[in-house]
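Below you'll find the structure, written out as structure tokens, and then a few comments.
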Amino acid sequence: MVQAKTWILTKHFDGFPKDSDFELKVEELSAPKDGEVLLEAVFLSVDPYMRPFSRVRMNEGDVMIGTQVAKVIQSNNPAFPVGSHVVGRCGWRTHTVCDGTDLIPVMPDWPQDVSLSLALGGIGMPGLTALYGIEEVLGLQKGETLLVNAAAGAVGSMVGQIAKIKGCKVVGSAGSDAKVAFLKDLGFDEAFNYKTVGSLEEALKKASPEGYDCFFENVGGPFSSVAIQQMKNFGRIAVCGAISTYNDTTPQTGPYPHLTMIFKQLKMEGFMQSRWEHKHPESLKRLIGWLKEGKLQCREHITKGFEKMPAAFMGILQGENIGKAVHKS
């Protein structure tokens, strides 16, 4: 018998998450049956999406949702030999017994000198989200100007770098001077701290006086209202996240951008990377190719100790991380 530690959502979040919303439990797992495997978590992902998704995808008492890189430690399934690594949506748990249905083997030619944690970050869901937002939703073209907010986060930092690979001007907004310095290191053409500028409108105009062809939206709220006014005619907006609204107890209202969208004939589209799941293998190869060529940096914010999972989650919702937040089990 193996003991698994799990983090349970005891109560749906009301406003910002609290320690009392989580409970650490221990459960006994039986040995894997025919066709099953026993997994041990190596790296666990902590992502902003968990906040809104918990409301619609979870019941109170469920194990917190999330993805992990896990090692196969017992196997009765030939597709997943002992010692191999997989990416799975196992949630916040140290050990899992499953039949392998939703497990994705880490690509066989994964470079020895690249941490497997990147399968949760730049060479995983956030990297794919950035790539598809740029290529499938925005159709970003060489020479265009792109705005990305929450630009020092897991997705935003990849967005800016991929846009630079494609020959574009990139403007990034982040919430601290250290994050702005990080964006400059990544090659962003312009970057600013939205918390310290006197006027967001003036900061956006200064960074790109001619406006923006594309906007990769991660924040929502008042930032979005100001940014939409700065779009060029026929501009495109990819709506990936709205982290400024996730912890609101009362939904934010207006201003409403409809007239601006009509006059400028803007296109605005929400998306999730799972829409292009059929492209994942080829897309991951492209991302890892750029990494090996030195065109991508995948910064990580790593915390250790399974007991600290809730603190790590609350930390990303407060913007504590630069790059991808990962938990080492």
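The values are calculated or read from the model by the stated rules, or taken from the named source; none is laboratory data. In this text, all values refer to a predicted model and were calculated from it rather than measured experimentally. Because the Cβ atoms are built from the backbone with ideal geometry, glycine has one as well, and the counts that use them run over all protein chains shown. Please note that ligands, DNA and RNA were not included when accessible areas were found on the heavy atoms of the full protein model with its side chains. Shrake-Rupley method; radii C 1.70, N 1.55, O 1.52, S 1.80 Å.
When restricted to residues that are more than 13 Å from the chain's Cα centre (by Cα), of a type outside the set (Ser, Thr, Tyr) and surrounded by 18 or more Cβ atoms within 10 Å (Cβ to Cβ), the range 307-329 contains 5.
Meeting the requirement of 1 or more residues that are within 12 Å of VAL148 (Cβ to Cβ), the helices (runs of 4 or more DSSP H) wholly within the range 164-281 are 177-186, 200-207, 221-229.
The residue of the range 263-279 that is most open to solvent (accessible area, probe 1.4 Å), among those that are among the polar types (S, T, N, Q) and in contact with a Phe, Trp or Tyr (Cβ under 7 Å, 6 or more places away or on another chain), is GLN265. Within the range 50-82, which residues are farther than 14 Å from THR96 by Cβ and hydroxyl-bearing (Ser, Thr, Tyr)? Scanning the range 50-82 gives a single hit, SER54. Listed by first and then second residue, the pairs linking a residue in the range 60-84 that is on the phi > 0 side of the Ramachandran plot and in contact (Cβ under 8 Å) with a residue 24 or more places away in the chain to a residue that is open to solvent by less than 40 Å² (accessible area, probe 1.4 Å) and assigned to a loop (DSSP other than H, G, I, E, B), with Cβ atoms under 7 Å apart and 6 or more places separating them unless they lie on different chains, are GLY66/GLY91; GLY66/TRP92. Among the residues of the range 41-83, which ones are open to solvent by 20 Å² or more (accessible area, probe 1.4 Å) and charged (D, E, K, R)? Within the range 41-83, ARG55, ARG57, GLU60, ASP62, LYS71 meet the criteria.
Taking first residues from the range 236-258 that are within 13 Å of GLN318 (Cα to Cα) and touching a residue at least 60 places away in the same chain (Cβ under 8 Å) and partners that are of a type in the set (A, V, I, L, M) and in a loop (DSSP other than H, G, I, E, B), the Cβ contacts under 7 Å between residues at least 6 apart in sequence or on separate chains come to ILE243/ALA150; ILE243/VAL219.
Just to be sure, is VAL171 under 14 Å from TYR132 (Cα atoms) and either among the aliphatic types (A, V, I, L, M) or free of Cβ contacts under 8 Å to residues at least 24 places away in the same chain (or both)? No; evaluated as a whole, the condition is false for this residue. Inclusion of VAL114 among residues that are under 17 Å from ILE288 (Cα atoms), of a type in the set (Val, Ile, Thr) and out of contact with any strand residue (DSSP E or B) (no Cβ under 7 Å at 6 or more places or on another chain) is warranted. Condition first: farther than 20 Å from ASP189 by Cα, modelled with pLDDT of 95 or more, in a helix (DSSP H, G or I) and open to solvent by less than 10 Å² (accessible area, probe 1.4 Å). Can you find one or more residues in the range 135-148 that meet it? Yes: the range 135-148 contains one or more residues that are farther than 20 Å from ASP189 by Cα, modelled with pLDDT of 95 or more, in a helix (DSSP H, G or I) and open to solvent by less than 10 Å² (accessible area, probe 1.4 Å).
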